[in-house]
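Participant: Input: one structure, supplied below.
The values are calculated or read from the model by the stated rules, or taken from the named source; none is laboratory data. Small disclaimer: the values here were computed from a predicted structure and weren't measured. Backbone-built Cβ (ideal geometry, glycine too); neighbour counts: all protein chains shown. Side chains included, ligands, DNA and RNA excluded: accessible areas come from the protein's heavy atoms. Shrake-Rupley method; radii C 1.70, N 1.55, O 1.52, S 1.80 Å.
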Amino acid sequence: SIVSGNSLKSSLLQLQCHFTWNLLKQDVDLDDLEETIGDQIEFFLKSNISNYNLLSYVCHLKNSNEEALRNLQKAEEEVQKNHPDEITRRSLVTWGNYAWIYYHMEKYEEAQTYVSKVESSCKKLSGTAQWKIQLPEIYAEQGWTLLKFGRKYYERAKNCFENVLKNEPNNPEFNAGYAIVMYRLEDFAHRQCEHASLSLKPLKRAVELNPNDTFIMALLALKLQDSKRVPEGERYIEEAMQKTPDLPYFLRYAAKFYRRKGEVDKAVEILKKALAVTPKSVFLHHQLGLCYRQKLFRLKKTTSYPPQEQVEELIRLAIFHFKTVTDQRTKFFSAHVDLANMYAEGKRYEEAEETFQKAFQINILFYDDKQELYYHYGNFQRFHMKSESEAIRYYREALKIEKDSYGRNKCRNALKKLLEQRIQRGLEDATDFAMLGLIHNLAGEKHEAIECYEKAIELCPDNEEYLTALCELRLSI
């Protein structure tokens, strides 16, 4: 053929589309992403151009390029239906994706056709001969895509939306994207013990600009609930209920609101209603599992001898819903931990162990996820398997990751309590004192740390590690 792959490659890299946005397949659960996009196409009434573009990229990653091309055709149909007078500027990402997919199929002439199409369009739109045209629609589409690709990409998504808001501060869609990304970032910052409430303003602004976006309304309600402004949050939930009583994306967050408020039966009712619309939704099954778990804990807390059959039924329901999630989503981390803990509640220890091991295998975990996992597995070893030494080993693993998070704090507290109990019972050995010394040192309690290391050295006089730690501590005071 006249067009060769090599000469094409440098032009392809100039395109602004999913293939040049550094979206790595190993960072995301592709099946999960595909299902999410499918649900959004079905239930959101707004234009689906970017959903079809992203779906085409997902299909490519799953090695079905024919299917990818079909989704790009759908994207083009959406452009013609919703933006008949802006076809060129709304199609640049789609055409870029076309070029890349044809290139991967080794259909170089088709690829070149689309490259040329983008090139001449950019010239027309910008009036200069440059490729990189700064169109807000493209930045926004990149922002939405990064948002869907998960936590590693949120900072980049935030930059995209900040960028487009500079030029169009009142665009409802751009404000919605910015508010969602701020909400998600804050959620994770909170788990890492950073407290700020930066998403409240953007969420309010997004709701003002688009009062029919009940999904954003629900996020605003949850944020208000976090800020102890529950009645205000509930007003938004009730208003949104009137507007979209059947939208699963809104209902799942409405249910979360009521579950956190303690109205668990109401939450269950809402979740069942949403499940009738999207029966496969893992998010809904997970939330239902959390509801039954909450009912179980409440029952155990409020009655000294809870009826056994009631306890067993709640455990069975929670396990059923958590297992539905983990069967479908092998990388859904918190569901694995929830399922393992629920097996342990039901004294099904082998299944609990097996589920914990699956959680350890998940390869997209962040450090705070790992710390959380060590905490739960440590508890399992300590309270269910009655192995203090294994519990100590796993709590210690979380402390080795030297970054702050709730999971790490919980491990530190659990470890401290456990070591102190062992010392009270006279079971301690040198390593227990040394580890307690380490915990005091982490908390900045230097004198207590020195005492612990001195005791460790009494029991084990020649240990280099303890002697070094003690010297460093004495020097630091």
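Participant: Residue by residue through the stretch 43-70, note down the ones that are open to solvent by 20 Å² or more (accessible area, probe 1.4 Å), touching a residue at least 60 places away in the same chain (Cβ under 8 Å) and assigned to a helix (DSSP H, G or I).
Facilitator: 43, 50
Participant: If I go through the stretch 354-377 residue by residue, how many of them are touching a His at 6+ places or on another chain (Cβ under 9 Å), open to solvent by 20 Å² or more (accessible area, probe 1.4 Å) and not in a helix (DSSP H, G or I)?
Facilitator: 0
Participant: Any idea which residue in the stretch 267-281 is farthest from residue 34 (Cα to Cα), counting only those that are open to solvent by 80 Å² or more (accessible area, probe 1.4 Å) and in a helix (DSSP H, G or I)?
Facilitator: In the first step, residues of the stretch 267-281 are kept if they are open to solvent by 80 Å² or more (accessible area, probe 1.4 Å); the result is 269, 272-273, 276, 279-280.
Of the ones still in play, those that are also in a helix (DSSP H, G or I) are 269, 272-273, 276.
On the way: 269: 27, 272: 23, 273: 23, 276: 20 Å.
Across the stretch 267-281, the extreme among qualifying residues is 269.
Participant: What tally of residues in the stretch 145-189 results from selecting those that are open to solvent by 50 Å² or more (accessible area, probe 1.4 Å) and free of Cβ contacts under 8 Å to residues at least 24 places away in the same chain?
Facilitator: Residues that pass the stated criteria total 6.
Participant: Assess whether residue 351 counts as being open to solvent by 50 Å² or more (accessible area, probe 1.4 Å) and assigned by the TED database to the domain that holds residue 387. Give the steps one after another, and end with the answer.
Facilitator: On the way: open to solvent by 50 Å² or more (accessible area, probe 1.4 Å): yes; assigned by the TED database to the domain that holds residue 387: yes.
Yes; evaluated as a whole, the condition is true for this residue.
Participant: Looking for something closer than 22 Å to residue 10 by Cα and open to solvent by less than 50 Å² (accessible area, probe 1.4 Å) - is there at least one such residue anywhere in the stretch 72-90?
Facilitator: Looking for residues that are closer than 22 Å to residue 10 by Cα and open to solvent by less than 50 Å² (accessible area, probe 1.4 Å), one finds none in the stretch 72-90, hence no.
Participant: Can you name the condition, by its number, that residue 386 falls short on among (1) surrounded by 16 or more Cβ atoms within 10 Å (Cβ to Cβ); (2) free of Cβ contacts under 8 Å to residues at least 24 places away in the same chain?
Facilitator: (1)
Participant: Could you go through the stretch 395-403 and let me know if any residue there is farther than 19 Å from residue 361 by Cα, without any contact (Cβ under 8 Å) to a residue 40 or more places away in the chain and aliphatic (A, V, I, L, M).
Facilitator: For the stretch 395-403, residues farther than 19 Å from residue 361 by Cα, without any contact (Cβ under 8 Å) to a residue 40 or more places away in the chain and aliphatic (A, V, I, L, M): absent.
Participant: Considering only the stretch 1-42, state which residues are open to solvent by less than 70 Å² (accessible area, probe 1.4 Å), outside any helix (DSSP H, G or I) and either without any contact (Cβ under 8 Å) to a residue 12 or more places away in the chain or touching a helix residue (DSSP H, G or I) at 6+ places or on another chain (Cβ under 9 Å) (or both).
Facilitator: If the condition is that a residue be open to solvent by less than 70 Å² (accessible area, probe 1.4 Å), outside any helix (DSSP H, G or I) and either without any contact (Cβ under 8 Å) to a residue 12 or more places away in the chain or touching a helix residue (DSSP H, G or I) at 6+ places or on another chain (Cβ under 9 Å) (or both), then 3, 4, 15, 16, 17, 21, 23, 28 are the ones that fit.
Participant: Take residue 242 and decide whether it is part of a helix (DSSP H, G or I) and open to solvent by less than 60 Å² (accessible area, probe 1.4 Å).
Facilitator: No, not satisfied.
Participant: So which residues in the stretch 268-282 are touching a Phe, Trp or Tyr at 6+ places or on another chain (Cβ under 9 Å) and under 22 Å from residue 40 (Cα atoms), if there are any at all?
Facilitator: If the condition is that a residue be touching a Phe, Trp or Tyr at 6+ places or on another chain (Cβ under 9 Å) and under 22 Å from residue 40 (Cα atoms), then 270, 274, 277, 278, 282 are the ones that fit.
Participant: In this structure, does residue 380 turn out to be open to solvent by 30 Å² or more (accessible area, probe 1.4 Å) and either hydroxyl-bearing (Ser, Thr, Tyr) or assigned to a helix (DSSP H, G or I) (or both)? Step through it out loud before you land on a result.
Facilitator: Numbers: open to solvent by 30 Å² or more (accessible area, probe 1.4 Å): no; either hydroxyl-bearing (Ser, Thr, Tyr) or assigned to a helix (DSSP H, G or I) (or both): yes.
Here the answer is no, as residue 380 does not meet what is asked.
Participant: Here's a follow-up. Collect the residues in the stretch 282-315 that are without any contact (Cβ under 8 Å) to a residue 24 or more places away in the chain and part of a helix (DSSP H, G or I), keeping them in residue-number order. Steps first, please.
Facilitator: Applying the first criterion (without any contact (Cβ under 8 Å) to a residue 24 or more places away in the chain) to the stretch 282-315 yields 297, 299-311, 313-314.
Correct list: 297, 299, 300, 301, 302, 308, 309, 310, 311, 313, 314.
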